[in-house]
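Have a look at the structure below, then the notes.
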Amino acid sequence: MLCNSFSRIGTVRVALPKRNTRSSESSFYRSPLRKRAVTCSATLYSTKKIRAGMKKGYSFSRGEGGVLIIAASLLPFLSTPAISAELTVDKQIEESSESFRDLENLTGTMSSGSFFYWKKPGQQNLEFDNVKAIECTNLKNTASGSIFKTLSSGKTESQTQLISFKNFAPSIYSSSGVIFSASGIQDSVIKVHQIVEGDMGDLTVLGNTYTASMKPIVSLNPPQMGVFNVTQGSAQYIRGNIRSITPKNNGKGTVILLRGDNTDSNAYPYPTEQAFLGAIGDVGDDEHRFYQGIVMVRQGDQYIEKMGTLYATLYGIRTFESENGSDEKLTSLGLPTGQYIKSIEKIDLKSTDSRNASYGIYSWTDNGNKGSGR
């Protein structure tokens with residue numbers, strides 16, 4: 001039901017097509033998420049006659065063209081067999097708990113920062129129940145912008161961003177090229193976690209052109225930021241299926257990127273983990289390819305359960321200076337260490353640059369450890 005989700009974050013409009021009365025609109029609530037009220041528009045159809053005074057303390061007024069402006073707390077008393085709603089937010093959400101329900105579209109209009117952000121000890125719980133689409137159309141194509149981001153607070157306590165998708169697999173769009181991002185600090189124990197539960201639909205991005213740092217010998221082709229991005233001392237666990245991942249531009253961005261950033265490629269003091277435990281459908285298509293597919297840089301554990309066809313221009317699967325893997329060691333989820341791709345249907349490469357060759361599977365290792373890429 002729409003009513004529970006919007007009881008504190010917006011204005012609800014109820015369409016009454018057979019009535020023509022007059023009154024002015026009135027916004028009735030201000031969101032704790034921001035100083036100004038979030039604009040929310042919903043259309044509900046009801047055969048039930050609405051009467052004033054149904055519940056003491058609730059009020060509503062009729063608008064032009066049969067539109068009824070009503071307090072959201074009245075909605076539980078209405079019959080709402082069909083719902084079409086959109087919610088727009090223009091400020092970064094940093095609360096510890098937020099839920100969104102029965103939405104056709106949830107849009108963030110911010111141009112910098114992230115849509116959902118967590119940089120505190122403890123846990124942020126984000127629930128999306130029957131939300132069909134989530135998008136950020138104005139985020140700049142830089143290293144910092146993403147839809148979901150958790151960043152180390154620099155403190156010793158653990159922190160987690162938990163994202164749950166229920167009753168619908170939403171499509172997600174990011175103009176920054178990054179949708180999920182987790183970043184921790186170098187520590188012997190992972191303190192920063194980003195966990196995604198539930199299935200997702202089609203993920204679409206404007207491929208990110210910002211490049212991650214690498215050593216000079218390969219600096220001509222550093223990895224561009226990933227749709228899924230995880231850096232030193234953090235863990236990112238995706239516990240659900242993904243229908244597809246596609247860039248709007250061709251030859252830009254990385255799909256999945258892990259950057260352990262340990263300077264000593266032969267050491268393994270600072271764990272960084274990334275695991276996709278469900279199935280991923282096709283990644284890109286013949287006309288919309290990513291710059292690189294699955295990339296792991298400088299120490300980490302990256303696990304992919306299953307992927308369809310991967311379309312890229314430069315690298316399909318790539319690992320660089322990642323010698324930590326071994327058959328004797330397992331990740332915190334009990335998975336194989338190193339870069340471990342369990343199943344991929346096909347890697348389809350087509351270079352857009354005649355100066356560079358394309359590589360289906362590429363591994364750079366300083367000590368030949370067999371666990372660095374499997």
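In segment 134-143, which residues are touching a Ser or Thr at 6+ places or on another chain (Cβ under 7 Å) and of a type outside the set (Val, Ile, Thr)?
Those that are touching a Ser or Thr at 6+ places or on another chain (Cβ under 7 Å) and of a type outside the set (Val, Ile, Thr): GLU135, CYS136, ASN138, LEU139, LYS140, ASN141.
Just a yes or no: is a residue in segment 329-352 modelled with pLDDT under 80, under 28 Å from the mean Cα position of the chain (by Cα) and closer than 20 Å to TYR270 by Cβ?
For segment 329-352, residues modelled with pLDDT under 80, under 28 Å from the mean Cα position of the chain (by Cα) and closer than 20 Å to TYR270 by Cβ: present.
For segment 271-316, what are the residues that are crowded, with 24+ Cβ neighbours inside 10 Å, of a type outside the set (A, V, I, L, M, F, W, C) and closer than 11 Å to ILE256 by Cβ?
Answer for segment 271-316, where residues must be crowded, with 24+ Cβ neighbours inside 10 Å, of a type outside the set (A, V, I, L, M, F, W, C) and closer than 11 Å to ILE256 by Cβ: GLN274, GLN292, GLY293, GLN302.
Out of segment 119-142, which residues are touching a strand residue (DSSP E or B) at 6+ places or on another chain (Cβ under 9 Å) and either of a type in the set (Lys, Arg) or within 24 Å of ASP187 (Cα to Cα) (or both)? Walk me through how you get there before you give the answer.
Of all residues in segment 119-142, those touching a strand residue (DSSP E or B) at 6+ places or on another chain (Cβ under 9 Å) come to 119-139.
LYS119, LYS120, PRO121, GLY122, GLN123, GLN124, LYS132 - these are the residues of segment 119-142 that are touching a strand residue (DSSP E or B) at 6+ places or on another chain (Cβ under 9 Å) and either of a type in the set (Lys, Arg) or within 24 Å of ASP187 (Cα to Cα) (or both).
On the basis of being outside any loop (DSSP other than H, G, I, E, B) and surrounded by fewer than 24 Cβ atoms within 10 Å (Cβ to Cβ), does ASN141 make the cut? Please lay out each step first, then the result.
Values: outside any loop (DSSP other than H, G, I, E, B): no; surrounded by fewer than 24 Cβ atoms within 10 Å (Cβ to Cβ): yes.
The answer is no for ASN141.
Does segment 187-194 include one or more residues that are surrounded by 18 or more Cβ atoms within 10 Å (Cβ to Cβ) and free of Cβ contacts under 8 Å to residues at least 40 places away in the same chain?
So the first thing to find is which residues in segment 187-194 are surrounded by 18 or more Cβ atoms within 10 Å (Cβ to Cβ), and the list is 190-194.
Okay, now just the ones that are also free of Cβ contacts under 8 Å to residues at least 40 places away in the same chain, so none.
Checked against the condition, which is being surrounded by 18 or more Cβ atoms within 10 Å (Cβ to Cβ) and free of Cβ contacts under 8 Å to residues at least 40 places away in the same chain, segment 187-194 yields no hits at all.
The values are calculated or read from the model by the stated rules, or taken from the named source; none is laboratory data. Keep in mind it's a predicted model, so treat the numbers as computed, not measured. Counting neighbours? That spans all protein chains shown, and the Cβs are built from the backbone with ideal geometry, glycine included.
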